[in-house]
């Protein structure tokens, strides 16, 4: 399935599952949409926190068409979340009803982009095998503040065999706009994660803790966590794990 | 003279000359200050035009102290320019009178930062020898638009011997936040410069055109040119060639 046809399925509300594993090697993106009054401070937040918030596109006020995808960002994502005054309000299949002409949209790289490259190197993606949304956790790693936007980083977790960790690091190092190398390996309690089987976003994935280490990458859901503190009047995002699939291929060297 | 003492001279209005050649190897910066309503689109403009506008610091609304210099950006630059509705209004020694609490300030890297490195490699800086403000020119090279901000790039010019061009390129490649490598070499008419002795900013520098090539670097005065079209109600900047000297040393490998 090419990105264009896959997005059409979402536009018609024919599917609302996770995009992990879909449209191999096409760059996937997190969405954050905010009223223009918050746009400067949020753009600055992204610039100051490039690991969790690597910007790949910014749509100016009212614009719904990214430069990196022939898409309508109001309809072409499988599932959205709406936050009002910092509180999760609802999950919806499109955001046409709440759309305003002064909304600015930010597209942030996603770790789903490098999963195909990891699989090609023989690394199993257990969340895909178990049909789960990748597990994501709030951490105690502080972001750099920008205006009202401050808070801790969210990370995604994949459990790898120890010999796979270096290979995964070498591969993901090349995916700079998709979070790059892991932020932490093996000791979730050190970054404030108390229960590896109770993720804050996504779903728990079963793995053999004797055989595998939990490996954590910075995650584009970070702004949804930061939003809880910043309390913008309204903020829209993709539902975690349900990304915008773009038309851009991310190139890398295999190992 | 260290940056702190040099800035004190400007704060006391004891000198208002070009900062080229002062405080060797300390990063020098262009200043753009705008009301917050323009901050998002200008930040996006910088992000989309990193060659001419490499951001090295952003001071949030009302803040006057950069993170990279223990300075007051309203007073510690030798000379400022004020633009109103896109028209140059006046040149002043400080901007305290016009300061408002919602002003956002942007510091952009400056090619003066790499001049000491070029001199160390034996490359003469003719504008310094002739006590001139480095010549700067408007070009026909378009910037990438962001909101109201659009227009052509401004470049600074240094005349080099042909064998120095590759050395200068190798050196300035390392100064990524100070515009990096040249944008054009040797054919000013190709980038819309009709008279190499009539710069749009700074002063004309005499050189032997049989012996030397004009070499052009992207310039942080670009926003002052772009502003003519964008027409923000008010915009403040350093006077071209009269930079903020920061406390940060820029490291590089000599050749």
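Just give me the residues in the range A:59-69 being within 13 Å of chain B (Cβ to nearest Cβ) and either in a loop (DSSP other than H, G, I, E, B) or over 14 Å from residue B:40 (Cα atoms) (or both), in sequence order. Residues satisfying the conditions are A:60, A:61, A:62, A:63, A:67. Within the range B:173-195, the set of residues being under 20 Å from residue B:240 (Cβ atoms) and in contact (Cβ under 8 Å) with a residue 60 or more places away in the chain comprises B:175, B:177, B:178, B:179, B:180, B:183.
Let me confirm something: among B:229, B:179, which residue is closer than 20 Å to residue B:106 by Cβ and under 15 Å from the mean Cα position of the chain (by Cα)? When all the criteria are applied, what remains is B:179.
Quick check, is residue B:72 out of contact with any helix residue (DSSP H, G or I) (no Cβ under 6 Å at 6 or more places or on another chain), more than 20 Å from residue B:27 (Cα to Cα) and assigned to a loop (DSSP other than H, G, I, E, B)? Show your work before the answer.
Numbers: out of contact with any helix residue (DSSP H, G or I) (no Cβ under 6 Å at 6 or more places or on another chain): yes; more than 20 Å from residue B:27 (Cα to Cα): no; assigned to a loop (DSSP other than H, G, I, E, B): yes.
When the stated conditions are applied, residue B:72 does not pass them.
How many of the residues making up the range A:42-58 are surrounded by fewer than 20 Cβ atoms within 10 Å (Cβ to Cβ), touching a helix residue (DSSP H, G or I) at 6+ places or on another chain (Cβ under 8 Å) and either away from chain B (no Cβ under 12 Å) or on the phi > 0 side of the Ramachandran plot (or both)? Final tally of qualifying residues: 0. For the range A:162-169, indicate whether the set of residues that are outside the structural domain of residue A:20 (by TED's automatic domain parsing) and either within 20 Å of residue A:27 (Cα to Cα) or touching a helix residue (DSSP H, G or I) at 6+ places or on another chain (Cβ under 7 Å) (or both) is non-empty. Checking the range A:162-169: at least one residue is outside the structural domain of residue A:20 (by TED's automatic domain parsing) and either within 20 Å of residue A:27 (Cα to Cα) or touching a helix residue (DSSP H, G or I) at 6+ places or on another chain (Cβ under 7 Å) (or both). Of all residues in the range B:23-36, those that are part of a strand (DSSP E or B) and within 16 Å of the chain's Cα centre (by Cα) total 8. The criterion of being assigned to a loop (DSSP other than H, G, I, E, B) and surrounded by 14 or more Cβ atoms within 10 Å (Cβ to Cβ) does not hold for residue B:237.
Only residues that are within 14 Å of another protein chain (Cβ to nearest Cβ) and either under 15 Å from residue B:228 (Cα atoms) or crowded, with 24+ Cβ neighbours inside 10 Å (or both) were counted in the range B:135-157, giving 6. Of all the numbered requirements in (1) buried (at least 16 other Cβ atoms within 10 Å of the Cβ); (2) closer than 26 Å to residue B:151 by Cα, residue B:66 misses one, and that requirement is (2).
Just one of the listed residues (A:31, A:27) is crowded, with 17+ Cβ neighbours inside 10 Å, at pLDDT 95 or above and more than 14 Å from chain B (Cβ to nearest Cβ), namely A:31.
Residues in the range B:109-134 that are buried (at least 24 other Cβ atoms within 10 Å of the Cβ) and touching a helix residue (DSSP H, G or I) at 6+ places or on another chain (Cβ under 7 Å): B:109, B:110, B:111, B:113, B:114, B:134.
Does residue A:88 satisfy the criteria of being more than 20 Å from residue A:4 (Cα to Cα) and either buried (at least 18 other Cβ atoms within 10 Å of the Cβ) or out of contact with any strand residue (DSSP E or B) (no Cβ under 8 Å at 6 or more places or on another chain) (or both)? The answer is no for residue A:88.
Out of the residues in the range B:82-107 meeting the condition of being touching a helix residue (DSSP H, G or I) at 6+ places or on another chain (Cβ under 7 Å) and at pLDDT 95 or above, tell me which one is farthest from the other protein chains (Cβ to nearest Cβ). If we take residues in the range B:82-107 being touching a helix residue (DSSP H, G or I) at 6+ places or on another chain (Cβ under 7 Å) and at pLDDT 95 or above, then B:83 is farthest from the other protein chains (Cβ to nearest Cβ). All of (1) part of a loop (DSSP other than H, G, I, E, B); (2) within 14 Å of another protein chain (Cβ to nearest Cβ); (3) over 25 Å from residue B:5 (Cα atoms); (4) in contact (Cβ under 8 Å) with a residue 12 or more places away in the chain hold for residue B:39 with one exception: (1).
The values are calculated or read from the model by the stated rules, or taken from the named source; none is laboratory data. Keep in mind that what you see is a predicted model, and the values were worked out from it rather than measured. Virtual Cβ from ideal backbone geometry, glycine too; neighbours counted across all protein chains shown.
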